[in-house]
Amino acid sequence: MSGTLYLVGTPIGNLSDMSPRTAEIFSSVDFIAAEDTRVTLKLLNHLGIKKPLVSYYEHNRAESGEKILSRLLAGESCALATDAGMPAISDPGEDIVSQCHDAGVEVIAVPGPCAAVCALALSGLPTGRFTFEGFLSTVKKNRFAHLEELKTERRTMIFYEAPHKLKATLSDMAEYFGGDRRISVSRELTKLHEETFRCTLAEAVKRYEDTPPKGEFVLIIEGAPEPAETEISFEDALEQVVTLTESGMSLKDSVKQVAKSTGFGKNDLYNAMLKRNNG
Ligand code: SAM
């Protein structure tokens, strides 16, 4: 029978956020796959646990993933941990989870902190519907295409960003989403210099004009406003049809165009026009 892969969430700054279950799982598995074995070793030392470690990170995930999978298939159990937070969220994990599902290996989550969810909860922006966008690309073309795609996104958006790219990212966001769009910036969550501030994108750009950003950041951006509803009465829509027909357009085409722009039914407009013309 095959073993189990445990996705183990680890603290994003404050070691007290480590759950007793995290320690239990680290102790009970046969081996631990770590994004950076040195970082996870420190955690294990803190917990007083000794366990074999293998490395599993962005650039060896194909080769290392295969080895991990074959050990799981042979019946061993493995805990996957990244440097901070939940594995598979802007961190390695997605591939091995998918491979395990394909191979029929059980995958269990041992939940821990996730910077995205903490910052969202702190933002005060709507949390009912949101979208996680991770890091914007550093390749300008891809970065701008990503922002363009999100211009009309109504849901609250979550982004990760590194401090040295923050200023450029805020400026690009202000350009694409508008300076008035609200943002909540969370920095150094669960750490000594933790702060969350809410302002507009224009104000966020200004804040970092002279002060270089420091620490780890999550940006929560308000979704795009609902488009203004066109309040037009059926009578006004009919008048539009009349104007179009008077300018030479056929009745059928006039009805089609007005139906499309106002949302009224084609048949309703057409029948009302016939009645009007015959009455
Ligand atoms: N898997 C992790 C998680 O569940 O949050 C995210 C890993 S991703 C490689 C690292 C990014 O997460 C950072 O660049 C930053 O945007 C965000 N992050 C991680 N820890 C953070 C913290 N303590 N405060 C604010 N942002 C943090």
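The values are calculated or read from the model by the stated rules, or taken from the named source; none is laboratory data. The structure displayed is predicted, hence computed values, not measured ones. Don't worry about glycine lacking a Cβ; one is built from the backbone with ideal geometry, like all the others, and counts go over all protein chains shown. Ligands, DNA and RNA are stripped out before the accessible areas are found, and what is left, the full protein with its side chains, is counted by its heavy atoms. Shrake-Rupley method; radii C 1.70, N 1.55, O 1.52, S 1.80 Å.
Output the residues belonging to region 147-175 that are over 19 Å from Ser123 (Cβ atoms), in a helix (DSSP H, G or I) and either acidic (Asp, Glu) or within 16 Å of the ligand (Cβ to nearest atom) (or both).
Those that are over 19 Å from Ser123 (Cβ atoms), in a helix (DSSP H, G or I) and either acidic (Asp, Glu) or within 16 Å of the ligand (Cβ to nearest atom) (or both): Glu148, Glu149, Pro163, His164, Lys165, Lys167, Ala168, Asp172, Glu175.
Can you tell me which residue is farthest from the chain's Cα centre (by Cα) among those in region 85-119 that are assigned to a helix (DSSP H, G or I) and aliphatic (A, V, I, L, M)?
By that ranking, first place goes to Ala103.
Looking at Glu209, is it at pLDDT 90 or above and assigned by TED's automatic domain parsing to the domain that holds Glu195?
yes
Is one or more of the residues making up region 30-52 under 16 Å from Glu94 (Cα atoms) and modelled with pLDDT under 95?
Among the residues of region 30-52, not one is under 16 Å from Glu94 (Cα atoms) and modelled with pLDDT under 95, which makes the answer no.
Residues Leu150, Leu136: which one is more than 19 Å from Pro225 (Cα to Cα), at pLDDT 95 or above and either open to solvent by less than 30 Å² (accessible area, probe 1.4 Å) or in contact with a Cys (Cβ under 6 Å, 6 or more places away or on another chain) (or both)?
Within the list Leu150, Leu136, the selection yields Leu136.
Select from region 133-145 the residues that are of a type outside the set (D, E, K, R) and either within 16 Å of the ligand (Cβ to nearest atom) or outside the structural domain of Asp172 (by TED's automatic domain parsing) (or both) and list them in ascending order. If you could, list the steps in order and put the result at the bottom.
The first filter runs over region 133-145 and keeps only residues of a type outside the set (D, E, K, R), leaving 134-139, 142, 144-145.
Scanning region 133-145 gives Gly134, Phe135, Leu136, Ser137, Thr138.
Find all pairs meeting these conditions: Cβ atoms under 7 angstrom apart; at least six residues apart or on different chains; first residue within region 103-132 and more than 10 Å from the ligand (Cβ to nearest atom); second residue in a loop (DSSP other than H, G, I, E, B) and among the basic types (Lys, Arg).
Arg129/Arg155; Phe130/Arg155; Thr131/Arg155
Residues are listed down the side, and each one gets a yes or a no for (1) under 23 Å from Glu216 (Cβ atoms); (2) away from the ligand (no atom under 16 Å from the Cβ); (3) not hydroxyl-bearing (Ser, Thr, Tyr):
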| position | (1), (2), (3) |
| --- | --- |
| Leu15 | yes, no, yes |
| Thr40 | yes, no, no |
| Glu58 | yes, no, yes |
| Cys100 | no, yes, yes |
